[in-house]
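Structure first, then comments.
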Amino acid sequence: MQIPPSNVSGLAGLQSAQSGLTQATIDVAKPASVDVKTDTARPVEDVDKTQALVSAIEAGQQGEAAVEVIARSSENLGTIINLEV
């Protein structure tokens with residue numbers, strides 16, 4: 001099994017966070033339909049807006065963690081390069 005470089009793992013985490021945030025914002029933005037008989041709003045699909053907002057926060061935190069992985073990888077690479085003579 002091959003272990004990918006840390007910057008590749010960080011980039012994959014960042015892309016995953018972006019995808020999760022996109023889906024969460026789509027779920028939050030879904031409109032409610034109006035029941036004509038009772039004139040009450042009901043969800044178009046059973047989307048829990050609270051869960052979608054929690055997912056958006058989780059995706060943001062995942063993105064921050066991925067950026068930290070990329071930053072640490074860059075720092076480590078810079079340290080290795082500076083140590084070589």
Estimated vicinal HN-Hα couplings, Hz - the stretch 5-21 in sequence order (Karplus 6.51, -1.76, 1.60; Gly, Pro = x): x, 5, 5, 5, 5, x, 5, 5, x, 5, 5, 5, 5, 5, 5, x, 5
Note, ³J(HN,Hα) from phi for the stretch 50-63, Karplus 6.51, -1.76, 1.60, rounded to Hz, x at Gly and Pro: 5, 5, 5, 5, 4, 4, 5, 5, 4, 5, x, 5, 5, x
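Values quoted throughout were computed directly from the atomic coordinates according to the rules given, and no laboratory measurement underlies them. None of the values given here were measured: they were computed from a predicted structure.
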